[in-house]
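Enquirer: The structure is given below, and queries will be raised subsequently.
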Amino acid sequence: MKKRILVTGGTGYIGSHTVVELQNSGYDVVIVDNLSNSSADVVDNIEKVSGVRPAFEKLDCLDFEGMDKLFTKYPGIKGIIHFAASKAVGESVQKPLLYYRNNLLSLVNLLELMPKHGVEGIIFSSSCTVYGQPDILPVTEEAPIKKAESPYGNTKQINEEIIRDTVASGAPIHAIMLRYFNPIGAHPTALIGELPNGVPQNLLPYVTQTAIGIREKLSVFGDDYDTPDGSCIRDYIYVVDLAKAHVIAMDRILENKQKEKVEVFNIGTGKGVSVLELIRTFEKATGVKLNYQIVGRRAGDIEKVWANPDFANKELGWKAEANLEDTLRSAWNWQLKLRERNIQ
Ligand code: NAD
Ligand code: WQD
């Protein structure tokens, strides 16, 4: 009997890749998404990739009654993966209340509905942003949580506390919080990938849009950091590797393998890569010369962060497998496919 899973934000970037991997592992998936940052045709593309069409409900996680009815319409949901959130750091500074409402109350609704509908476990999309600039690198799950640099980052920290407090209150809920580093790339089929609205804020979509000619040139935000080549360092993880971590985490929850009721894992490669290194690797992987210039630092950027993924490697038996060249090539193939489909 297939286990039924609810994936909120399932037509989004990471959610869509995770739905495919859940389906490949035999889960029966129900997607809820309000399409505020994605489109319904992602459901068609998920079906093309996995061969299975997930149930899809256009619904806002903030709609408590609507979500309550959803669990009745789709009985037997055993677990939730909660991707749905607003995630643009810069926008969160301009519109903090939108972020606090959307990112906090959507989680509160789910946690309130879980016991009523017999939902055992929830996986929460957290972020390495909770660490700020770590004092020690690579960063482990025990590193101190630092004051958030943005309302967005703060919502991730508060969400983690909401989950801990709810479980500590005795609610019949288990949780795994996955702290993602920098997800990049697209599915090998180039049928699903990252589709940023407007001007991309994140590095790789801006790189591929520059490479294809949508953007004139990439601005590299600073080369005067205390790093080998002066540009910032991040841990770029292939989105399919990240998606697979969610399947393993869901298996762990539903097979009662957790050692704590709330567990936290760093989901990263453990390898730091600088902006300039990523550019050079992209050029090597695709044969496309990138037009870029060094400009001033971007406010709020931290200098360097990469994961110590040992706990996830050992405890989950999960490890990032893709190499950076293949990952960057997947992003380029996705950008080429978008042009073919006249989408970007
Ligand atoms: P995304 O914007 O592509 O996906 C989020 C999806 O949630 C979108 O499809 C959007 O329409 C939907 N959504 C937003 N608010 C909703 C609501 N109230 N009800 C229903 N649907 C709603 O973002 P993503 O990159 O796939 O990120 C997924 C999750 O991972 C987010 O929680 C994000 O904060 C977290 N995360 C992302 C990154 C990253 O770099 N992409 C890094 C760390 C953590
Ligand atoms: C990566 C590096 C930039 C764009 C953000 C959020 C984080 C998470 C992932 C949601 C940095 C540099 C970027 C550009 C550049 N999102 N850069 N030129 O800032 O590490 O993390 O996205 O959870 O919470 O903070 O990712 O891709 O924006 O930047 O030089 O046009 O690329 O300075 O060093 P970041 P990013």
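Enquirer: Give a residue-ordered list of calculated ³J(HN,Hα) values for the range 272-284 (Karplus: 6.51 cos²θ - 1.76 cosθ + 1.60, θ = phi - 60°; whole Hz; x for Gly, Pro).
Expert: Listing the rounded values in order: x, 10, 7, 4, 5, 5, 4, 4, 4, 5, 4, 4, 5 Hz.
Enquirer: What are the residues whose amide H is under 5 Å from the amide H of VAL262, where those residues sit 5 or more places off or on another chain and H is modelled from the backbone?
Expert: ALA175
Enquirer: So for each of 210-222, 13-25, 69-81 I average, over its residues, the number of other beta carbons within 10 Å; can you give me the resulting order with the highest mean first?
Expert: In decreasing order of mean packing, 210-222, 13-25, 69-81 become 13-25, 69-81, 210-222.
Enquirer: Right, something else. Amide H of SER127 versus every other amide H placed in the peptide plane: which residues, excluding those fewer than 5 positions away on the same chain, fall under 5 Å?
Expert: For SER127, whose amide H was placed from the backbone, the distant partners under 5 Å are TYR180.
Enquirer: Could I ask something else about it? What whole-number volume per residue, in cubic angstrom, does the convex hull of the C-alpha atoms of the range 38-176 give?
Expert: 141 Å³
Enquirer: Ok, one more. Apply the Karplus curve 6.51 cos²θ - 1.76 cosθ + 1.60, θ = phi - 60°, to the phi angles in the range 149-159 and return the couplings in whole Hz, x for Gly and Pro.
Expert: Along the range 149-159, the couplings run 7, 7, x, 4, x, 5, 5, 5, 5, 5, 4 Hz.
Enquirer: Now for a separate question. By how many degrees, 0 to 90 and rounded to 10, does the Cα axis of helix 64-73 deviate from the longest principal axis of the chain?
Expert: Taking Cα atoms only, the helix is inclined about 70 degrees.
Enquirer: Continuing with the same structure: What do you get for GluC sites (Glu not before Pro) in the range 313-344 restricted to DSSP loop and a cutoff of at most 16 other Cβ within 10 Å of the site's Cβ?
Expert: GLU321
Enquirer: Related question: Taking K and R as +1 and D and E as -1, what net charge do the other residues with C-beta under 10 Å from the C-beta of VAL32 add up to?
Expert: Residues near VAL32 contribute -3 overall.
Enquirer: Still on this structure: So how compact is the chain: Cα radius of gyration and Dmax in angstrom?
Expert: Computed over the Cα atoms of the chain, radius of gyration and Dmax are 19.3, 56 Å.
Enquirer: Per residue of the range 108-117, what does 6.51 cos²θ - 1.76 cosθ + 1.60 with θ = phi - 60° give for ³J(HN,Hα)? Whole Hz please, x for Gly and Pro, Karplus curve as stated.
Expert: Couplings: 4, 4, 5, 5, 6, 7, 4, x, 4, 10 Hz.
Enquirer: Same structure, new question: What's the local net charge at ARG297, with K and R +1, D and E -1, over the other residues with C-beta under 11 Å away?
Expert: Local charge sum for ARG297: -3.
Enquirer: Moving on to the next point. Collect residues whose amide H, placed 1.01 Å from N in the peptide plane, falls under 5 Å from the amide H of GLY10; neighbours closer than 5 in sequence don't count.
Expert: Distant-sequence amide H within range of GLY10: VAL32.
We did not get these values from a lab; they are worked out from the coordinates using the rules stated. Keep in mind the model is a prediction, meaning the values are calculated, not measured. Quick reminder, even Gly has a Cβ in these numbers, built from the backbone with ideal geometry, and neighbours come from all protein chains shown.
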